Amino acid sequence: MNRNPDPNRNPDLNINNINRDGHDIPKSITDIKSMYPEELAGFVKGRGLPAFRARQLFQWIHVSRAAGYEEMSNLPAGLRRELAEKYPLVTARQVDCRVSGVDGTRKYLFAMPDGCLVESVFMRYHFGNSVCISSQVGCRMGCGFCASTLHGLVRSLTASEMLEQIYAIARETGERISHVVVMGMGEPFDNYDNLIRFLRLLTCPEGMNLSQRSVTVSTCGIVPGIRRFTGEGLHVTLALSLHAATDEQRRKIMPVANRWSIAELMEACGEYSRVTGRQVTFEYSLIKGVNDSRADALGLVKLAKPLRAHINLIPVNPVRERGFSHPDSEGVRAFKMELEKHGVNVSIRRALGKDIDGACGQLRNRYAEQEARDCLI
Ligand code: SAH
């Protein structure tokens, strides 16, 4: 047993289990929405159906984003009934949708088939519409400023459950979605195999055919995950949640920093960038009095320059249970200018949906609290 006795470690974060996928994912159904075209072809053949039925099904599910078999008008009614009975399609049921009065951001709460709740966000940018999806229900990474991890990990999501967040939003808004970011609840590299399946289906030419360059995967910094990801032949943008320029400081806010050092992270990110030709993004949540000094900015410059990384500054979104606050806009601007002075490419993330529990995990937590109160009444 390779147990790490470090007292700073989050008890939920058993690194030995990281990359062992499928934390209690319901396996009772044949999930045809998670099947690659060739797997669907095998499934159809195995049922004695003609090969073109596989192409029709794939098209209905991933291009037309049908909510159910009843919509599949070029399939015989008998077959539709049989499929619906035996192989129900994984769908995300909309439980809530909050629309920001400020910027039109839409924050969704979806229930998965087993009732688990996840959050997804629809955002408008000048370059198109973007959807932020969750990769897990809850999270076990324990970051000190994040609401998603407050109650630990419930389970990982399947590829179809990740796709469904996008498809359900496309159905509801009727709008074209050109960008996807895996930055909602959960740690994508703690659900590695399902993440890869999701990314391949999302960017598959026979399906939604999203450009790989329009997809971003954000990780808290699981080094073996980054290394494995480098070899997948996917050209998606990798975002690293750095949030501190020294290991000592990072360990105070991110338990994962007890396992992998910043030096190891920089090496893995550098390799990702070299192999894929993609610029890596460092996410840096500015927390007042914790990581917003001039020395922090200079430390960040030293890390970003060799990698030519882009830095995305996020004034920390205050989470009631956490007690962190962000520097005022002057402080944020000063930090940005210090980075720019040294030639680092930096942007400040637009704080979208401030009026609708914008931070990851907040809306779901509100629901859990409400349910707990209802139980007491
Ligand atoms: N687990 C992944 C993706 C989910 S979080 C990761 O850690 O990257 C997406 C981003 O939002 C991460 O950079 C995360 O650190 C940041 N984040 C989480 N809670 C936040 C908060 N309250 N304010 C600002 N950023 C936050």
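What ranking, highest mean first, results for peptides 258-268, 309-319 when packing means the other Cβ atoms within 10 Å averaged over each residue?
309-319, 258-268
Assign one of three labels to the range 145-231, namely rounded, prolate or oblate, based on the Cα gyration tensor with a ≥ b ≥ c the square roots of its eigenvalues; rounded applies when a/c is under 1.5, prolate when it is not and a/b is larger than b/c, and oblate otherwise.
Since a/c reaches 1.5 but b/c is at least a/b, the shape of the range 145-231 is classed as oblate.
With the dipole of the chain worked out from charges on the C-beta (+1 for Lys and Arg, -1 for Asp and Glu) around the Cα centre, which of TYR108, SER325, THR219 lies farthest toward the positive end?
The listed residue farthest towards the positive side: THR219.
Distance between Cα centroids, the range 158-212 to the range 29-87: provide it in whole Å.
Here the answer is 19 Å between Cα centres.
Within a Cβ distance under 14 Å of LEU238, other residues only, what is the Lys/Arg minus Asp/Glu net charge?
My count for the surroundings of LEU238 gives +1.
Given points 7 Å out from each Cα along the Cα-Cβ axis, report the LYS45 to VAL99 separation in nanometres with one decimal.
Distance between the two pseudo-spin positions: 4.8 nm.
Compute the accessible area per residue over the chain, keeping the other protein chains in place, probe 1.4 Å, unit Å².
Heavy-atom accessible area per residue stands at 44 Å².
Provide LEU240, LEU307 ordered by accessible surface of protein heavy atoms (probe 1.4 Å), highest first.
Listed by decreasing accessible area, they come as LEU307, LEU240.
Using a 10 Å cut-off on Cβ atoms, rank the peptides 171-181, 188-198 from the highest mean neighbour count down.
188-198, 171-181
In whole angstrom, how long is each semi-axis of the equivalent ellipsoid of the chain, when you take the square root of 5 times every eigenvalue of its Cα gyration tensor and sort them from largest down?
36, 22, 21
Among residues other than ALA51 whose Cβ falls under 12 Å from its Cβ, what is the net charge (Lys/Arg +1, Asp/Glu -1)?
So the surrounding residues net to +3.
So, by mean Cβ neighbours within 10 angstrom, what's the order for 68-76, 243-251 with the highest one leading?
Put in order of decreasing packing, that is 243-251, 68-76.
Where does helix 37-46 land angle-wise versus the long Cα axis of the chain, in degrees 0 to 90, nearest 10?
Helix 37-46 sits roughly 30 degrees off the main axis of the chain.
What span do the alpha-carbon atoms of the range 207-345 cover on each of the three principal axes, reported in whole Å from largest to smallest?
Largest to smallest, the principal-axis extents are 43, 32, 31 Å.
Under the rule of at least 5 residues apart or a separate chain, name every residue whose amide H is placed under 5 Å from the amide H of LYS288.
Placed amide hydrogens put SER325, HIS326 under 5 Å from LYS288.
At a Cα cut-off below 17 Å, give the lysines reachable from LYS86, other chains included and same-chain residues fewer than 8 away excluded.
Partners found: LYS27, LYS33, LYS45.
Set the Förster radius R0 to 22 Å, insert the Cβ-Cβ distance between ASN209 and PHE127 as r into 1/(1 + (r/R0)^6), and round the FRET efficiency to 0.05.
0.80
If I model a spin label at SER293 and SER261 as a point 7 Å from the Cα along the Cα→Cβ vector, what separation in nanometres do I get?
My value for the distance between the label points is 2.2 nm.
Each label point is 7 Å from the Cα along the Cα-to-Cβ direction; what then is the distance between the points at GLN56 and GLU70, in nm?
Rounded to a tenth, the inter-label distance reads 1.9 nm.
LYS107: which lysines have alpha carbons under 18 Å from its alpha carbon, excluding same-chain residues fewer than 8 sequence positions away?
Those lysines meeting the cut-off are LYS354.
Could you calculate the FRET efficiency of ASP193 with ARG274 from 1/(1 + (r/R0)^6), where r is the beta carbon distance between them and R0 is 25 Å, rounded to 0.05?
The pair ASP193/ARG274 has a calculated efficiency of 0.50.
For helix 362-376, what angle does its Cα long axis make with the longest principal axis of the chain, in degrees from 0 to 90 and rounded to 10?
With both axes taken from Cα atoms, the answer is about 70 degrees.
Kindly write out, for the range 289-295 in residue order, the coupling ³J(HN,Hα) from the Karplus curve 6.51 cos²θ - 1.76 cosθ + 1.60 (θ = phi - 60°), rounded to whole Hz, with x marking Gly and Pro.
x, 10, 9, 10, 7, 5, 4
The values are calculated or read from the model by the stated rules, or taken from the named source; none is laboratory data. All figures in this text were calculated on a predicted structure; none of them were measured in a lab. For neighbour counting, all protein chains shown are included, and Cβ atoms are generated from backbone atoms with ideal geometry for every residue, glycine included. Just so you know, the surface numbers come from the protein's heavy atoms only, side chains and all, with ligands and any DNA or RNA stripped out. Shrake-Rupley method; radii C 1.70, N 1.55, O 1.52, S 1.80 Å.
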